[in-house]
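Notes follow the structure.
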Amino acid sequence: GDSVTQMEGPVTLSEEAFLTINCTYTATGYPSLFWYVQYPGEGLQLLLKATKADDKGSNKGFEATYRKETTSFHLEKGSVQVSDSAVYFCALLTQAGTALIFGKGTTLSVSS
Amino acid sequence: GAVVSQHPSRVICKSGTSVKIECRSLDFQATTMFWYRQFPKKSLMLMATSNEGSKATYEQGVEKDKFLINHASLTLSTLTVTSAHPEDSSFYICSGTGDRGGTDTQYFGPGTRLTVL
């Protein structure tokens, strides 16, 4: 079945460091891909999305490119801030359905 | 983004009792609402999908008689955990899609922590 695999955390970085969180997926057809972020004590928020191959989603300095050849959607940010500390979830929306399939989440901790 | 609220945010109950969790879309009409369960250090697991005015569709392995879902209006869905047991202790999260952001964008509530003693 469809699934999402993302790198295990926690990821600990210093402020202004470069961030990469890997995400790969298995799906039939052409799913839409998402990154959600969950800040402490808050609900999941959509960070960015891409709906077709080679699309790049971007928001708040984060970006991810839909790579169909490698079935990947890695999240990157050039310079992280303490306020980026959160749990990041990669997810796919199957082509056929309306259900989101999530990865297990990666905790990011940024220190000053 | 659109706002979804959940109530209560935290509930502790005795084994055998029933607990109702409310999920409200505050600034959009949610034609479809989803209920997820999140275990510690685990991903979100979809429990059921409900469309306003229709019966919920449950994922495989989720007991529909135990987890009662009602989606009576475009802004409110409820999840009732009936005859709760300690193994039902978890973090329950709802989300909705509708007239905001397209049907592929779900807006999530902050979650409800259920502890069954």
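For A:Lys68, the residues whose amide H sits under 5 Å from its own are A:Asp54, ignoring neighbours fewer than 5 places away on the same chain, with H placed 1.01 Å from N. Our note on the geometry: Cα centres of the stretch A:71-93 and the stretch B:36-104, 26 Å apart.
Close amide H pairs (under 5 Å, H built 1.01 Å from N) link B:Met47 with B:Trp35, B:Tyr36, B:Arg37, residues at least 5 positions away or on another chain.
Pairs of Cα atoms nearer than 8 Å and 6+ residues apart set the relative contact order; for the stretch B:43-102 it is 22 percent. Evaluating 6.51 cos²θ - 1.76 cosθ + 1.60 at θ = phi - 60° for every residue in the stretch B:96-102, the Karplus couplings come out as x, 10, x, 8, 9, x, x Hz, glycine and proline recorded as x. Pairs of Lys residues in the stretch B:1-116 that lie 8 or more places apart, or on two chains, and have C-alpha atoms under 15 angstrom apart add up to 4. Isolated cysteines of chain B, defined as having no other cysteine beta carbon under 4.7 Å away, are B:Cys13. Taking the stretch A:19-112 as the region of interest, the number of lysine pairs whose Cα atoms are within less than 14 Å, with members eight or more places apart or on different chains, is 5. When its C-alpha radius of gyration is set against 2.2 N^0.38 Å (N residues), chain B gives a value of 0.99. Looking at the stretch A:15-112, the chymotrypsin sites (Phe, Trp or Tyr not before Pro) that sit in a DSSP loop and have at most 13 other Cβ atoms within 10 Å of their own Cβ are A:Phe18.
Neighbour counting of Cβ atoms within 10 Å sorts the residues A:Val4, A:Val82, B:Val116, fewest neighbours leading, into A:Val82, B:Val116, A:Val4.
The HN-Hα couplings worked out from phi for the stretch A:64-72 by the Karplus form 6.51 cos²θ - 1.76 cosθ + 1.60 (θ = phi - 60°) are 8, 10, 6, 10, 6, 5, 10, 6, 10 Hz, whole numbers, x standing for Gly and Pro.
The numbers here are math on the coordinates, done by the rules we state, and not lab data. Source: prediction; values computed, not measured. All Cβ positions, even for glycine, are placed from backbone atoms using ideal geometry, and neighbour counts span all protein chains on display.
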